[in-house]
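Please treat every number below as a calculation from the coordinates, not as lab data. The structure displayed is predicted, hence computed values, not measured ones. Cβ coordinates were reconstructed from backbone atoms using ideal geometry, including for glycine residues, and neighbour counts include every protein chain displayed.
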């Protein structure tokens, strides 16, 4: 049998399809790994917050202080100076 040109193109397009499939699978694996890392950190945070509830309050105070500092540095006109010495 004589090989026709179309029979030579089929494996090439098949190789292109396999290459594209491989790239898609690698992307999906990377996305799954990223989600796994995020879920691990979420679980860790939940354990820490449940075993040390004071940490949640401390984090909230830290976040509020960060926002006050950011507003002061960025010149937020609505921000009033606040002196909090309760720490």
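With a/c under 1.5 counting as rounded, go ahead and sort region 5-74 into rounded, prolate or oblate using the C-alpha gyration tensor (a ≥ b ≥ c being the square roots of the eigenvalues; past the cut-off, prolate if a/b is larger than b/c, else oblate). Write down the numbers at each step before the final one.
On the way: a/c = 13.61, a/b = 2.77, b/c = 4.91.
Oblate.
Stretched out straight at 0.36 nm per residue, the stretch from residue 63 to residue 35 would grow longer than its current Cα-Cα span by 7.6 nm. If R0 is 30 Å, the Cβ-Cβ spacing of residue 27 and residue 48 corresponds to a FRET efficiency of close to 0.40.
Taking 41 Å as R0, compute the FRET efficiency from the Cβ-Cβ separation of residue 20 and residue 72 and round it to 0.05. After rounding to 0.05, the efficiency reads 0.20.
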